[in-house]
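> Encoded as structure tokens, here's the structure I'll be asking about.
The values are calculated or read from the model by the stated rules, or taken from the named source; none is laboratory data. Note that the structure is predicted; figures quoted are calculated from it, not measured. Glycine also receives a Cβ, built like all others from the backbone with ideal geometry; neighbour counts cover every protein chain displayed. In case anyone asks, the SASA skips ligands and DNA or RNA and just uses the protein heavy atoms, side chains included. Shrake-Rupley method; radii C 1.70, N 1.55, O 1.52, S 1.80 Å.
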Number of protein chains: 2
Amino acid sequence: MDANQFREAAHAAVEDVIKYYESLGERRVVSDVSPGYLRPQLPSGPPQTSEPFTAIQRDIANLIIPGLTHWQSPNFMAYYPANASFPSILGEIYSATFTAPAFNWLASPACTELETVVLDWMCELLGLPECFLSKGEGGGVIQGTASEAIVVAMVAARERYLRNKCDAEGLEGEAREARMSELKSKLVALGSDQAHSSTQKGALIAGTKFQSVPTKMEDNCALRGEEVRRVIKECKEKGLEPYYLTVTMGTTGTCATDRFDEISKVVGERGEEKDIWVHVDAAYAGAALVLDEYKHFTKDWNAFDSFDMNMHKWLLTNFDASCFFVKRRANLTHALSINPAYLRNTFTDSGLVTDYRDWQIPLGRRFRSLKIWFVLRSYGIEGLQAHIRKHVGFGKLFTSLLQSRKDLFSITTEPAFSLNCFTALLDTNEVTKEVYERVNQHGEIFLTSTVVHGVYVIRVVTGSPWTEEKYVRRAFEILVQVAEEVLSGKEDGLGTDLTKTVLSH
Amino acid sequence: MDANQFREAAHAAVEDVIKYYESLGERRVVSDVSPGYLRPQLPSGPPQTSEPFTAIQRDIANLIIPGLTHWQSPNFMAYYPANASFPSILGEIYSATFTAPAFNWLASPACTELETVVLDWMCELLGLPECFLSKGEGGGVIQGTASEAIVVAMVAARERYLRNKCDAEGLEGEAREARMSELKSKLVALGSDQAHSSTQKGALIAGTKFQSVPTKMEDNCALRGEEVRRVIKECKEKGLEPYYLTVTMGTTGTCATDRFDEISKVVGERGEEKDIWVHVDAAYAGAALVLDEYKHFTKDWNAFDSFDMNMHKWLLTNFDASCFFVKRRANLTHALSINPAYLRNTFTDSGLVTDYRDWQIPLGRRFRSLKIWFVLRSYGIEGLQAHIRKHVGFGKLFTSLLQSRKDLFSITTEPAFSLNCFTALLDTNEVTKEVYERVNQHGEIFLTSTVVHGVYVIRVVTGSPWTEEKYVRRAFEILVQVAEEVLSGKEDGLGTDLTKTVLSH
């Protein structure tokens, strides 16, 4: 493909992008293909010689798009959003063009420097404590996902814990190594029973135990300080060593926000034993911190060690752009730095530059700060705020709709940000499940469900840049119709009036 | 930014891409900015309101491009290549547009299904053993980097080792847990002293020890079976439990290829104790397997557990596209599967679909198979082969040039694929270092150096799609001129005739 062919293909691709977004409202939001649909439609191997772009483009339309679940659809109200946007796509084009596995500063200085700057911008935009800025001992780094951020935090926490203990005990050489092995086998990571599964998975990867800390429905599923204190004490009594805790702003299931005020006190009262690394997981809800009315959430985070939010959820930046901040970057580099001969250079040796490879699991990295920069500049602070405010508004609208039909729905946990969690009439798990499954089977909207302290709940959350009020109202209409049918024992009556899959464009 | 503004911006971006690639030969390959160059040129935070794309585009030209190290430049002969290509950029556009954190099949079926198909295509294209195809018990998955692939392999290896040992000992409940903790503290991962640092880093992340296995210059730095046998025995005698080994096709320093025939026998002779997971790291050189003349390398890989190569190094696909294959996918899912309520769905529960989240560290994932698919189809098998063959040819040309000036240069390890490693006259580390540093200071070409068994060597490797023979010959010319100057004690005479940085376009 030469430059002219690329120009022609790229222009065609741009039209595809525009048409795709403009047709989102008409497409079945969840693909209805069956498992294994694709392979029989593809050749058994790559072609011997070059195929024209038009052939690929045709297959995108006929084979790929029908197999997509449309996360950008205004009818996508499942999980949490995963925004893409025009400015972000433009950023991705430049990033791909400038491809460099920029593992250290010299490997592409702009890649490192822009990342440091835009992460500082994000730190201030979100109202995070100053300790997370790069000008002091902290700083931000783009991770692929909130899960990776947790693994990095956990490995840094583990190494800090072991180092501090062995230093305090004055151990060196073989005695130190033996003590480290002994301690390592006792380490336990903590997270509430509502924390994302990535905390448990992170503990598994880091090779430590995991202990869940209970929450209660009466606390709206928020993690309380007293429970943290109790579980730490219990662990210690069993000879275990708690070294890490995930606290959450906006849990995955119900968007609960943990009691940071209480938890920061519990951590604080450990005095010299500040041995537990506290990580704030705000993967989804962290985006709301662009609004001043949510910034109060951050006031106790000085007491914590790291923070992470995904711009690729609710902040208009396509996957992946997880913004991870630490209070002391030395804890990352102490844990993750390895410096072989082929990576040495005068800039790294000088200590004047940041080599982000030591802040993450992989060696190489993409130029992801470009898309964040493009998004921040194209929307401006006010544009980002308007986006979040719109969806918070949709969340409130949906709450009021639910409240208008108390004969059908019961709100289970406090609505938060853009999420509502509810059951169909009287908390009957079977009925709620039936409503949920019928709604999704029809496919005009896509919701997810979860089980919270034994209660089966339906979750509705908007976030797509393409959502408008009419889609929120229509979603509620569908829920009402299905709930009424289920509760009256009627057969499914929605079948005929729903949009069918659009197979190509 | 609305659709019309996006169209206009995207067309402008496409022109930027084309101009950037067409100007590569004229740009200083390594940026000459000083640490901290960027921040003073940027505002202290994001703008309050939207900025037009033209402002961003201007800053790309004036602020970002001058700070890039141009990995696509025909004068980039450092590290290993990191290819981008037009078809790959197009794939990235669709991937960003369809953004979905496709953690399970239902979250976007096409994303999972295309990945399974193209990884099978890759398996056959590279001539890997059938056991790595998805139709049996194996399969491929795209990881971000070869480092991530190693962490995944290592965690799977660790869990398999612990599970098998405890099963064999018939342990359950608390006794099993205690034994696991005990065993875990003794686990040791192995890799040759030439294996990439990611093996050591992986062991660190997985919380196990790492033991380096020596290679020798007389074996061309390849890992030998007898050394593996000896180190395993020594570890066992010290009470350690070797559970994992990285073997390499194309080591980072000198592109050595380990003796797979010998190592597979050592692993095989352990009989019932097939307890060591062997991972083939072919991050760079794996691309060469598209040529039939290299496929003999794979003949013993049936004996190994996993394989990884980066399409984003030498196979025309922009970062990130690391193709990771395992013989038994159950080893990944056993180690990494966690199934919370909010991720459950009938498809996952049916077991009929692949949920790649259980094959990797993160939960979410991008639609990276698109760009691999675009590249395979746009180039065709013959196009990919021609690309690799061209650079192998450049490697051979460079070898013959080195051989033509035995008065100046000495080849240290066998040239392999597109890499040549050499010293300046008589293995004098200081002289070689001086030559290396002078060449890079001038900046027309960019090389890297490394230290192999105490010898300081210069590495020259081509791989950019934009490299032509004249650049290879010119690189040699520069080396000759600098080496002659250094050896005759002359001052730097290259200063004036080298291309200076082009700051904008």
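> Which chain B residue sits with its beta carbon nearest the axis carrying B onto A, and how many Å away is it, rounded to a whole number?
B:Gly207, 2
> As a test of the formula, what do you get for chain B when each DSSP H run with n ≥ 4 contributes -39,500 (n - 2.57) and the sum is divided by the residue count, at 222 nm and rounded to the nearest 500 deg cm²/dmol?
Mean residue ellipticity, 222 nm, calculated: -13500 deg cm²/dmol.
> First obtain the Kirkwood hydrodynamic radius of segment A:253-346 from its Cα pairs, then insert it into the Stokes-Einstein equation at 10 °C and 1.306 mPa s, and state the resulting D in µm² per second as a whole number.
The estimated diffusion coefficient comes to 102 µm²/s.
> At 1.4 Å probe size, with no ligands or nucleic acids counted, give the accessible surface of A:Ser95 in Å², nearest ten.
Approximately 10 Å² of A:Ser95 is accessible to the 1.4 Å probe.
> In segment B:209-240, which GluC sites (Glu not before Pro) fall in coil by DSSP and have 12 or fewer other Cβ atoms within 10 Å?
Answer in residue order: no site qualifies.
> Still on this structure, I have one more. Rounded to the nearest whole Å³, what is the per residue volume of the convex hull around the Cα atoms of segment A:63-165?
About 195 Å³ per residue, rounded to a whole number.
> Just to confirm the numbers: A:Ala168, label point 7 angstrom along the Cα-Cβ line, distances to the other copies in nm, shortest first?
3.9
> Using only alpha carbon positions, build the gyration tensor of segment B:81-121, then give the equivalent ellipsoid semi-axes as the square roots of 5 times its eigenvalues, largest first, whole angstrom.
Largest first, segment B:81-121 gives 21, 14, 8 Å.
> How well do other chains shield peptide A:47-59, expressed as the mean number of their Cβ atoms within 10 Å of each residue Cβ?
Average per residue, whole number: 4.
> Another one. With 10 Å bins from zero, work out the P(r) of segment A:132-173 over every alpha carbon pair and list the percent per bin.
Taking every Cα pair in segment A:132-173, the percentages come to 24, 36, 29, 12.
> Hey, can you list the residues from segment A:134-159 whose accessible area shrinks by 30 Å² or more with all protein chains present, relative to the chain by itself (probe 1.4 Å, no ligands or nucleic acids)?
Those residues are A:Ser147, A:Glu148, A:Arg158.
> Let me ask something additional. Where a Cα-Cα gap under 15 Å defines reach, which aspartates and glutamates qualify for A:Lys135, not counting those fewer than 8 residues away within the same chain?
Those aspartates and glutamates meeting the cut-off are A:Glu113, A:Glu115, A:Asp120, A:Glu124.
> Using only the Cα atoms of segment A:330-422, each taken as one equal point scatterer with no solvent, compute I(q) by the Debye sum, divide by I(0), and report log10 of the ratio at q = 0.11, 0.14, 0.15, 0.26 Å⁻¹.
Log-scaled intensity ratios, in q order: -0.65, -0.75, -0.78, -1.23.
> Can you list, shortest first and in nm, the gaps between the label point of B:Val451 and those of its counterparts in the other copies, using a point 7 Å from Cα in the C-beta direction?
For B:Val451, the inter-copy label distances come out at 5.8 nm.
> Counting DSSP beta bridges with both partners in chain B, what percentage is antiparallel, nearest 5? Could you put the intermediate results ahead of the total?
Values: 25 of 44 bridges.
Bridges in chain B that DSSP calls antiparallel: roughly 55 percent.
> Mind jotting down a quarter of the surface of the convex hull over the alpha carbons of segment B:138-343, in square nanometres, one decimal?
That works out to 12.8 nm², a quarter of the Cα hull's surface.
> Where in segment B:309-334 does the label zone of A:Asp2 land, with the point 7 angstrom along Cα→C-beta and an amide N cut-off under 16 Å?
none
> How big is the gap, in Å, between the Cα center of segment A:326-402 and the Cα center of segment B:1-55?
Using only Cα atoms, the two centres lie 19 Å from each other.
> First compute the accessible area of segment A:341-439 with a 1.4 Å probe, then give the percent of it belonging to carbon and sulfur atoms.
Working: 1840 of 3540 Å².
About 52 percent, which is the carbon plus sulfur part of the accessible surface.
> When a/c is below 1.5 the answer is rounded, else prolate if a/b is larger than b/c, else oblate, so apply that to the protein assembly as shown with a ≥ b ≥ c taken from the square roots of the Cα gyration tensor eigenvalues.
prolate
> Also: How shielded is B:205-215 by partner chains, expressed as the average number of their Cβ atoms within 10 Å of its Cβ atoms?
Counting other chains' Cβ atoms within 10 Å and averaging over B:205-215 gives 3.
> DSSP beta bridges in the protein assembly as shown, what fraction antiparallel, as a percent rounded to 5?
Details: 50 of 88 bridges.
The answer is about 55 percent antiparallel.
> Show me the trypsin sites (Lys or Arg not before Pro) within segment B:394-484 that DSSP assigns to loop and that have at most 12 other Cβ atoms within 10 Å of their Cβ.
Those satisfying the criteria are B:Lys406.
> So which residues of segment A:361-389 lose at least 30 Å² of accessible area, probe 1.4 Å, when you go from the chain by itself to every protein chain present?
A:Ile361, A:Pro362, A:Leu363, A:Arg366, A:Trp373, A:Phe374, A:Arg377, A:Ser378, A:Ile381, A:Glu382
> Continuing with this model, one more query. Dividing the alpha-carbon radius of gyration of segment B:407-456 by 2.2 N^0.38 Å (N being the number of residues), what value is obtained? Kindly include the intermediate steps, with their values, before the conclusion.
Values: Rg = 10.8 Å, N = 50, 2.2 N^0.38 = 9.7 Å.
Normalised Cα radius of gyration, segment B:407-456: 1.12.
> Using the structure shown, list the pairs from B:Lys299/B:Lys327; A:Lys165/A:Lys236; A:Lys165/A:Lys327; B:Lys295/B:Lys390; A:Lys313/B:Lys201; A:Lys371/B:Lys19 with a Cα-Cα distance above 24 Å, or answer none.
Details: B:Lys299/B:Lys327 15 Å; A:Lys165/A:Lys236 15 Å; A:Lys165/A:Lys327 20 Å; B:Lys295/B:Lys390 18 Å; A:Lys313/B:Lys201 29 Å; A:Lys371/B:Lys19 20 Å.
From B:Lys299/B:Lys327; A:Lys165/A:Lys236; A:Lys165/A:Lys327; B:Lys295/B:Lys390; A:Lys313/B:Lys201; A:Lys371/B:Lys19, over 24 Å: A:Lys313/B:Lys201.
> Follow-up question, since we're still on this one. Can you compute log10 of I(q)/I(0) for chain B with the Debye formula, treating each Cα as one identical point scatterer, at q = 0.05, 0.06 Å⁻¹?
Each listed q corresponds, in turn, to -0.22, -0.32.
> Same structure again: Residue by residue through B:433-444, how many Cβ atoms from other chains fall within 10 Å of the Cβ on average?
0
> Something else about it: In Å², and per residue, what accessible area does the protein assembly as shown have when probed at 1.4 Å with the other protein chains present?
33 Å²
> May I pose another question? Of all beta bridges DSSP finds with both residues in segment B:157-257, what is the antiparallel percent, to the nearest 5?
Of all bridge pairs located within segment B:157-257, approximately 10 percent are antiparallel.
> Evaluate the charge dipole of chain A about its Cα centre and quote only its size in Debye, nearest 20, assuming +1 on the Cβ of each Lys and Arg and -1 on the Cβ of each Asp and Glu. Spell out each step's value before the answer.
Working: 54 positive and 65 negative charges, 66 e Å.
Charge dipole, chain A, about its Cα centre: 320 debye, nearest 20.
> Same structure again: In Å², rounded to the nearest 100, what is the total accessible surface buried by chains A and B against each other with a 1.4 Å probe? Walk me through the numbers before you get to the answer.
Working: alone 22970 and 22980 Å², together 33540 Å².
That pair hides around 12400 Å² of surface in total.
> Now for a separate question. May I ask you to report, in nm to one decimal and beginning with the shortest, the distances from B:Ala12 to the same position in the other copies, taking label points 7 Å along Cα-to-Cβ?
2.6
> Let me ask you something else. Hey, can you list the residues from segment B:293-324 whose accessible area shrinks by 40 Å² or more with all protein chains present, relative to the chain by itself (probe 1.4 Å, no ligands or nucleic acids)?
B:Phe319
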